1. Using the crude model of +1 on Lys and Arg Cβ and -1 on Asp and Glu Cβ, and no other charge, please compute the dipole size for the chain relative to its Cα centre, in debye to 20.
2. Looking at region 245-306 from every direction and averaging, what is the projected area of its Cα convex hull in nm²?
3. Only four residue types carry charge here, +1 at the Cβ of Lys and Arg and -1 at the Cβ of Asp and Glu. Report the dipole size of region 223-306 about the Cα centre in Debye, rounded to the nearest 20.
4. So how much slack lies between Gln303 and Glu77, counting 0.36 nm per residue of separation and subtracting their Cα-Cα distance, in nm?
5. Of His148, His290, how do they rank once you tally other Cβ atoms within 10 Å and put the fewest first?
6. First select every other residue whose beta carbon is under 10 angstrom from the beta carbon of Val49; then total the charges, Lys and Arg +1, Asp and Glu -1.
7. Would you mind checking the pairs Lys16/Lys218; Lys32/Lys133; Lys5/Lys218; Lys140/Lys173 and listing those with alpha carbons more than 32 angstrom apart?
8. Straight-line reach from Lys168: which aspartates and glutamates fall under 20 Å, measuring Cα to Cα and dropping same-chain residues less than 8 apart?
Amino acid sequence: MVQPKTIGPTQKAAQKTPESRRHDLQVMVPIKKVIRNVEAFDASPAEGVQDIITGDNSTFSFLRMSRIFLSVAGSVERELANEEAVYYVNRGSVVITANGQTYILDKGDVLYVGVDSKAKIETADHCDVSEFKAVSCHTKYPVQLVQHTDIEGTELAADLGSRRPMSKRTVFKLVDQNVQANRLLFGDTYMANRGGVGSYPPHFHGPDGPHGLGDNAKEEIYHFRCESDIEGDVPYVLQNCALPEEKVNVYAHIFDDVAINVTPTYHDTIAPPSVDFMFTWCLGSFTEGHRDWAEIYNKPGYQDEW
């Protein structure tokens, strides 16, 4: 198992509107020699609550993302209607009160909060919390706490990449079948080596393209943190953005604290030799209650690469 660790500096940016957080990446598609736009979002935190991905600034049907950052002791309140949410602690610690119960979360911990609920997030010092939501949810499930240490060393901590040393990683499935939910699946992934290859092999679980999964499809957000061991270097990863019918990979530069919509394309991630990275991932199923994490389409020829 790859041990979780803190990657990337603590950041605090100026407040931005959701519209200004979207910055499409342009990548050249080999052979076709055409430019493709890729949905990316500045996910850097600002004081208070910042909406990163919304229904207005993205093509997501179900998934949303916000960042809650408090640099001093304080609290914020969140209200869910026909939405469910997971609260993931990036840095610091928080106390979350939901449905009359109080939960203590440290780095890496997750709290699931269901529809028609309120959540109060408090910190006695400082905190950086990601909120991932799914909209259009209709079944109310109980609040559920998942501590990162509880799943480390269990079957929910999947060690992958045994066939390719540079793709060795642990995928921590924090919200999987261990949590009752309508649409959401959530976790974080840590690489075994700098210059690693994440999400390998190239795979796809979106609705579009010749191999789209239809009603079984899922949307997905990746949120990256990366750092370089070279002083003054600007760390980045290369994210595959090839469509399912394309035989040649298409890579975009993704920098630290950027979130990306990986739904329409294959996704695997390559880091330069100097760069270590981790990412949180959130899946939202098109069909409520259909939350099979393993339902994917592998790029032809890569079926046995897990």
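1. That gives the chain a dipole magnitude of about 400 debye.
2. Taking a quarter of the hull surface, the average projection is 5.9 nm².
3. The calculation lands at about 280 debye.
4. Taking 0.36 nm per residue and subtracting the Cα distance, the gain is 76.9 nm.
5. With the fewest neighbours first, His148, His290 line up as His290, His148.
6. The answer is -2.
7. Pairs exceeding 32 Å: Lys32/Lys133.
8. Glu152, Glu155, Asp159, Asp188, Glu227, Asp229, Asp268, Asp276, Asp304, Glu305
All of the numbers you see were taken from the coordinates with simple rules; none came from a lab. In this text, all values refer to a predicted model and were calculated from it rather than measured experimentally. Note that we place each Cβ from the backbone using ideal geometry, even for glycine, and neighbour counts take in every protein chain shown.
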